[in-house]
Each structure stands twice: as C-alpha cells, then as structure tokens.
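None of the figures in this text is laboratory data; all of them are computed from the coordinates on show. Computed from a predicted model, the values in this text were never measured in an experiment. For neighbour counting, all protein chains shown are included, and Cβ atoms are generated from backbone atoms with ideal geometry for every residue, glycine included.
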Amino acid sequence: MAKATFRIWRGDAKGGRFEDYTTEVVPGMVVLDAIHEIQATQANDLAVRWNCKAGKCGSCSAEINGLPRLMCMTRLSQLSLDKPVTVEPMRSFPLIKDLATDLSWNFRLKGSIKPFKPRPPDAPDGTWRMDQADVDRVQEFRKCIECFLCQDVCHVLRDHQLFDEFIGPRFLVHAASLEMHPLDIEDRREELRKAQGIGYCNITKCCTKVCPEEIKITDNAIIPLKERVVDQFYDPLARLLRVFRGNRSG
Amino acid sequence: MAEYQTHEHEVLVIGAGGAGLRAAIEASALGAKVAVVCKSLLGKAHTVMAEGGIAAALANVDDRDNWKVHFADTMRGGQYLNNPRMAQLHAQEAPARVRELEAWGALFDRTPDGRILQRNFGGHKYPRLAHVGDRTGLEMIRTLQDHGIHRGIDFFMECTVLRLLKDGGRIAGAFAYDRERGFFHLFRAPAIVLATGGAGRAYQITSNSWEYTGDGLALAYEAGATLMDMEFVQFHPTGMVWPPSVRGILVTEGVRGEGGILLNKDGRRFLFDDIPENYRAQTADNEEEGWRYTQGDKNARRPPELLTRDHVARCIVREIREGRGSPHGGVFLDISWIKRKLPNAAEYIKRKLPSMYHQFKQLADIDITAEPMEVGPTTHYMMGGVRVNAETQMSDVPGLFAAGECAAGLHGANRLGGNSLSDLLVFGKRAGEYAARFAQQSRPATPDPEEVEAVARQALAPFESYSGDNPYQVQRELQEVMQNWVGIVRREEELHRALEALGRLKERAKRASVTGNREYNPGWHTALDLHSLLVVSEAIARSAIERKESRGAHFRDDYPSQDPAFGRVNVVVRKGADGTMQVTREPLPPMPAELQQIIEEMK
C-alpha cells in the first residue's frame, strides 16, 4: 500500500517545529483522515479540531502546503505525495497547540455587531411574506460555516495585525447577511465605517479565493456594503440635506 | 488539593446544539443567570449537520395538515412506544417554535405566496419539513447562536463535564475540564439541563462526530437518573459507503423527498417488494404514483422510499446480504433519473440539494445529477435516553433536566426524519423554562468538596498510568464490538458476547495511558470519554437483550416478530445500589382517551 509523509507543526505559544509522520494512504483519503491516523497510532496528544468531516461545520481549518483549507475536504489525490505534505495551523491567530489556534477574538467580535431586528410582521398571525429571490440573495451569506479561513488569509489581519480596527471578511459577510436580510430594519453603516473598519479592505479578494463555501465575499458582500456606507456618508447631495435637516442618521 | 475555578449560575446547560441553545435562551429570557458549556466551539455541534428540515404542521403546502396528523404520524413511526403526551406537545408546539426562528432571523425556503416552504419526508403524511435547501441545521444553529450571544449567557466553549454533583438528593453543580488548557472548573447551579446529544461514536460506521460519546446519558445514569429505550438506536438508511474515508457520512432523506429512488444491482426498486401492513394504505403501489407524490399531487400516496428509517435500513441490509448490493457493499440511491421527468433536472437537483451535490462531487468524484450514489446504513441517532417528565423535561433527579437527543420518550422505537430538529426546539424551550423556574424556587445547593477532589484525581489518573493501553485503541475495539454484535440485526448470543467484551474493555479503559500534558491533549480527552461510551454501550446491549421481540429500530433475528406484551412496556436502566446496571421493564404511561381516538381516526 502507498505511503505518504506529513510534515506537521508541533508546538505551542512558546515555540515549536515541524515533525514528519508517515502513514498509509487508502482510496479517497482526505488530509484529516491522515491526521487522525497519525493521532491514533503515533501521536495521541496531537491537537486538532474537527467535527462533521463533511465540510459543513468549519472546524478543521489549517494551512496545507501553505494554502488555507479545510482538512476534511482536501483529498490526498489533489496533492503531490512525492514530498512531505505540510500541515500547519492558521497563522493569523494565536497558537494554542499544534493545529489548534485561539479563535476567541472571532467569537467576541460577533457579539459587537448589532443583532437582527425585523420589521413588524406582515400578517395578523405574526408571520412574514418573502420572495424566494430575496431569500436566495442572503442565503449565499448564510451558507458561511465560520471556518475563519477568510480571516486567516486577509492581509489586514494576517500582515498588519489590525484586529482592533477591522472585523475581517467573515464579519463583513455577517453584517451583509443582516443588512440585506429582507426583514431587517437595523442600520449598521456607522459602525461599519468606523469601529469595524470596512475601509481597510482594498478588495484583493484573497478571502473569496479560500472560501470553502464559494461565497463571493468581496463582490457580493463587501463591495455592496462599501457602497451603502459611501452612499450614506459621502454622497454630496445627501450630505447637504443632512446639514439642512440636522439628521445624521441617514 | 485540585485547583479549579468556581462559577455560580442558576441554570447550567450542558451542550450547545439546538436543544442546549434553545434551553439557554429560554432560561435567560425568564431572568435566570445561565451558563452553557460545550465540548466544541459554538456553532459546531451536530445540529449543524442536520440537512432535511424541521417537522412542523404549519400546513403551508398542504392545508389538510394539523397537529393531530403530525401526532399520529409520530406515534405510528415510533410503534406506539412513544410517550403520548410528549408526542402531543411536540406536534402542537412545533409550528410556533419554527415561526419564532424566523422572527430571530432564520431564512427558510419560500412557497410561491411567500410563506415557509415545506417538503416531504419519510413517515410524514403531508409535506411538513420547513427547510433551507439541504442545510437546515446550519440555518437553525446559526440563528440560535446569533440570537443567544446577545442574551447575557456565559459560554464556556471546549469544556467537558466529568461529573454531576449533588447535595442530598438534588443537583448542586457539575465538575468540568477545559479542553484547550486542561484547567478544572466547578460550576455551581441548582438546575442543570443536559443537551448532549447522542452516542454514535460507540459504532464504527456513524454519521456522528467525535463529540457523540453519550456523556449526558452517562452523567445522568451516574447521578441516579433513569435511562429508557436504550435498545432503540437509529441506523439511518443512507450513509455514504465509498470511498472508505467517508463511510458513514450522512446522505439526507431529502434526496428521497425530492424524488430519489433506491435500487439494487439489478436496477430493481426493491422497496416496492416489502411494504409493512400498517403503512400499506398510505403507500403508492406503483412508480408513477410515487413520483406524482413527490411533485405535490395531493391525490397520490408516498413512494416506499419514504417509509420509516428502520424499515428502509433493514430492506437495504437484506439486499446487501442476499447479494444484490452495489460494488462497495451498499445499494444505489438515484436522483439523476428525474431528468427523464423534468426539464433542467440538473439545476433542480443542485438548487434543492446543494450540499449533497458538493459532498459527492468533492469527496467521491460522483456527479449526483448524472449518476447514482452508493449508500448503506449508518449509526445516526439514539431514540433512547434520559427518562423525563413530558411537560417539564425533568428527570428522576430533582434539578436535572434533559432535552433533545439525550432525552427519551418522544420518538419511541423509531424517530421520523425532521422530528429531531423540532424536538430540540420544543423541548429545549420547555427544559429551559422549567429549569429556570426550578432554580428560582430552590434553596442554594452545595457540592461536596471531597467528591470534587475525587473526580479531579480520577481525571488525572491516565497521566499516572505508564503501561496501559492507548485510549484510541480501546475506543476502536469498543466500536468493533458494538458494530458487529449490537448493530442493526441482533442475536441473544452475540449480545452476551458483546457484554463480556465490554466488561474487558472497561478494565482496560481504567488503565489507559496518555502521553504529553494537560494542554489541548486529545489522547487524554479520548481516555476520559471512554467511561461514557462504555456505560452507554452496556445500556444498549443489556436493553437489547431484555427486549425479546423486533420492533422499530430494534431487530432481533432470534425473535423476528412483534410481541404485543412488549408493546406495553419500556425497558429502563438504572444504576443499582451495588454499582451494577439494573434493567427492568416498566409499563408505558397511560394513553389519554382523546389521544387514543386521534390514533384510531388516523389509522
């Protein structure tokens, strides 16, 4: 049976190194299978997150041969096994151990985004009416499995470390899913412009390239949000009207 | 002395899937101070993988539907072992719980007039499942998560509970460890809601992730609660079978709801050959009628592919055993055939079943719009669990509640697809509500510090064991035992063999060794999970021996037919005074006359 070598990052916040492990390859195998086999037989304490093993939960994010991917959806047949396959943790987040990183920043951040606020119900029984077409537009954003690969690859976070000034593609998608929700009446533009730093995104589309759900993050979420923010704050006519009306909320 | 952090709450929820989140939201809405502990990160629990939909008699697609039909369908599917009051509350309250999700931001697929769309599913007489393509679970868990994080609830992610602590007879708290750093935590709370899901990890082939080791069931059992219906383990008929690395991953019943058919290697729709008597009147007797049903013809009866999961799984096993299976030991599930019926069939399939399309394309190189899938049964769900009061979800232990998959009663001998998501919502809410009330009315309870010390010592024992087994090896052997001897088809002799093997594994689990330190150490976590897996596996095997008949998901080769005497009892499990597992039969709760009448009317 064929064998493959995996060069896996082992270590914690204090430091670490790559270690090589060799395991057998079976048909259809994905990187996560190899990691599990190594964990069960050679390195019981190898830290790795996973849950569904079917690309639905977004737990097993890592950098495989340098590319941010889900381990459960990366088949060995897509990789060259002539040389070791490197598997390392997402590099934008603080390391806990081995392949597990500290993602708590993401979970804290979400709580700072204004929650969903629906318009009053359309029907006397307390329900709403929506067109499938309007639902479809937002469902693209609601497909997000929160794997945070987009956050990992975003240069504003990864290279410039602007974690306090920029919420990153994941939470811009989240904001878009709320702002474009057919029922939502909340306004999040002020925060998007200021505290959430939408202006930092310069549309390099790295996030879109790594999204395992194939969400067009930049084109369908971030750019339309930027347009909304710009329409509110930089439209000269609207600005003039605001001066006369004394209305800042737009 | 063990070091630990102490936290004070009124309600502690263990588990952050649909039931846990819904319970936490409800308890906090009633003003209780609430904590949620969960083994994974938020939003990753098994609910996220639910595909098909949430069963609720909204009657948006077929106005003949109402709670009574849903109630009768649930009871028929459960072979009448269900707790009738739970089945009634579930059917009555599910529509309001679904509408509430919409008010919290969930976006379901729509009918042409803009209401929530509903789809067909096995065992449901009318189209009843509110859904979002085939990723309904993601929509549900994300909605609950995003709503819940704004409610002042304290979340403790990647934290595993080791023991429930009592003060006299009632709940006083729980002792846990944090998976990331290995620290201990003492949660003091007069009310605890278990929402830990199932125990699919006891089997080799399963749709469940590593988390489903039956923790809630074992914690409740050790705390003196009663487990019930443990012999009923649902094997979902359609899991992936090829390639080996994806074996067991779920293929939604929604494929069949949208017109998918099951075929053996000869191309025969074998389910037409074996339609159970109690479903004959509602099942199509020809292929054309079955197709018309999936396309919304109200005069057509449903195709046999939409019979209950226990039956479909057994028919698949029969085809495979008798040599009519597919090349990799499954049968064929074909949705591509609908191109003969529909223009743009490929687009239709991709729109209705996007994640199935994606899953097969990426993991198996199969284009489901063009060719059939290979599928076979996979361990999916525990009908059994903690016995609870139907109204309050409280167990036999005061202050201990259970909701969702880890509770028993709603589903009887077999669960209908779609009834689990609605179960989570209906009984999650009830558990949260009654736990908050219980906590607010109770005096403070204090855990015993010596017990806390003992649990901490026990948890660290694997680091002191130098020559014991690798915990992963013990887990693998346990899975083999359960898969081979306590699987879909059971025999007394094999069940006894399983018990003996489990006894030996129990000894080895006690001495399992781990390497490394307490920081994010999956080897240690696996060693600690073994206890729950062993308790639950033993309960399943003993209950399976006790029920000497075949009913629902429990099939005994040596007792292949139903026995009316067993139709009047639940098998229950408790921890005896001597520490051994006690199994008894107890009569079903009484069936109120008005519910009996509904069942008769709907027959």
Q: Could you list B:GLU253, B:GLU258, B:GLU405, B:GLU139 in order of exposure, starting from the residue whose Cβ has the fewest other Cβ atoms within 10 Å?
A: B:GLU258, B:GLU139, B:GLU253, B:GLU405
Q.
Would you report the distance distribution of C-alpha pairs in region A:3-101 as whole percents per 10 angstrom bin, up to the bin with the largest distance?
A. 16, 55, 27, 2
Q | chain A, relative contact order in percent, only Cα pairs under 8 angstrom and at least six apart counted | A | 16 percent
Q.
Let's test this: bin the Cα-Cα distances of region B:222-346 at 5 Å from zero up to the farthest pair and state each bin's percent.
A. 2, 10, 18, 21, 19, 13, 8, 4, 3, 2, 1, 0
Q: Principal axes first, then extents: for the Cα atoms of region A:104-245, list largest minus smallest coordinate on each axis, whole Å, largest first.
A: 50, 40, 26
Q: Name the shape class, rounded, prolate or oblate, that the alpha-carbon gyration tensor gives for region B:154-261, where a ≥ b ≥ c are the square roots of its eigenvalues, rounded holds for a/c under 1.5, and otherwise prolate holds if a/b is larger than b/c and oblate otherwise.
A: prolate
Q) So how do B:174-180, B:342-348 stack up, highest first, on mean other-Cβ count within 10 Å? A) B:174-180, B:342-348
**Q.** Amide proton proximity set for B:ALA407, modelled H, under 5 Å, gap of 5+
**A.** B:VAL386
Q. Taking every residue in B:287-293, how many Cβ atoms of other protein chains lie within 10 Å of its Cβ, on average?
A. 0
Q. Rounded, prolate or oblate: which fits region B:362-469 when a ≥ b ≥ c are the square roots of the eigenvalues of the alpha-carbon gyration tensor, with rounded for a/c under 1.5 and prolate only if a/b beats b/c?
A. oblate
Q. Per residue, what volume in Å³ does the convex hull of the Cα atoms of region B:449-557 enclose?
A. 120 Å³
Q) Relative contact order for region A:3-101: what is it in percent, counting Cα pairs under 8 Å that are at least 6 residues apart? A) 35 percent
Q: With everything on Cα atoms, drop me the angle between helix B:18-29 and the longest principal axis of chain B, reported from 0 to 90° to the nearest 10.
A: 60 degrees
Q | Cα gyration tensor, region A:32-151 - rounded (a/c under 1.5), prolate or oblate | A | prolate
Q: For peptide B:103-114, compute the average count of partner chain beta-carbon atoms within 10 Å of each residue's beta-carbon.
A: 6
(Q) Helix-only estimate, please: 222 nm mean residue ellipticity of chain B, summing -39500 (n - 2.57) across DSSP H runs of length 4 or more and dividing by its residues, to the nearest 500. (A) -11500 deg cm²/dmol
(Q) Using each residue's phi in region B:417-425, evaluate 6.51 cos²θ - 1.76 cosθ + 1.60 at θ = phi - 60° and report the 3J(HN,Hα) Karplus result to the nearest Hz, with x for Gly and Pro. (A) x, x, 7, 7, 4, 5, 4, 4, 6
Q: Mind checking which lysines have their Cα closer than 25 Å to the Cα of B:LYS548? Skip sequence neighbours fewer than 8 apart in that chain.
A: B:LYS575
Q: Would you mind giving the mean number of other chain beta-carbons within 10 Å of the Cβ of each residue in B:579-586, as a whole number?
A: 0
(Q) To test your reading of the geometry: what angle, between 0 and 90 degrees and rounded to tens, separates the Cα axis of helix B:309-321 from the longest principal axis of chain B? (A) 80 degrees
(Q) Which of B:GLU494, B:GLU231 has the fewest other C-beta atoms within 10 Å, and how do the rest follow up to the most? (A) B:GLU494, B:GLU231
Q. Residue by residue through region A:179-184, which ³J(HN,Hα) values in whole Hz follow from phi under the Karplus form 6.51 cos²θ - 1.76 cosθ + 1.60 (θ = phi - 60°), with glycine and proline marked x?
A. 4, 9, 5, x, 9, 6
Q. How much mean residue ellipticity at 222 nm does chain A get from its helices, if each DSSP H run of length 4 or more adds -39500 (n - 2.57) and you divide by all residues, to the nearest 500 deg cm²/dmol?
A. -9000 deg cm²/dmol
**Q.** Using alpha-carbon coordinates, inclination of helix A:132-142 to the longest axis of chain A, degrees
**A.** 50 degrees
Q) Could you work out Rg/(2.2 N^0.38 Å) for chain B, with Rg from alpha carbons only? A) 0.92
Q: Report, for chain B, the % of DSSP beta bridges that are antiparallel, rounded to 5.
A: 65 percent
Q: Using the number of other C-beta atoms within 10 angstrom as an exposure proxy, rank B:LYS506, B:LYS548 with the fewest first.
A: B:LYS548, B:LYS506
Q. Once amide H atoms are placed 1.01 Å from N in the peptide plane, what residues at a sequence separation of 5 or more from B:PHE156, or on another chain, have their amide H within under 5 Å of its amide H?
A. B:VAL36, B:VAL37, B:CYS38
Q | chymotrypsin sites (Phe, Trp or Tyr not before Pro) restricted to region B:473-539 and DSSP loop, no more than 14 other C-beta within 10 Å | A | none
Q: Let me know the whole percent of all Cα-Cα pairs from the protein assembly as shown that are separated by more than 40 Å.
A: 34 percent
Q. B:ARG119's amide H: which non-local residues (gap 5+, or another chain) put their own amide H closer than 5 Å, with H modeled 1.01 Å from N in plane and none for Pro or chain starts?
A. B:ARG128, B:LEU129, B:ALA130
Q | Bridge type composition, the protein assembly as shown - antiparallel percent by DSSP, nearest 5 | A | 70 percent
(Q) Restricting to Cα pairs below 8 Å that are 6+ residues apart, what does the relative contact order work out to for region B:449-557? Please round to a whole percent. (A) 37 percent
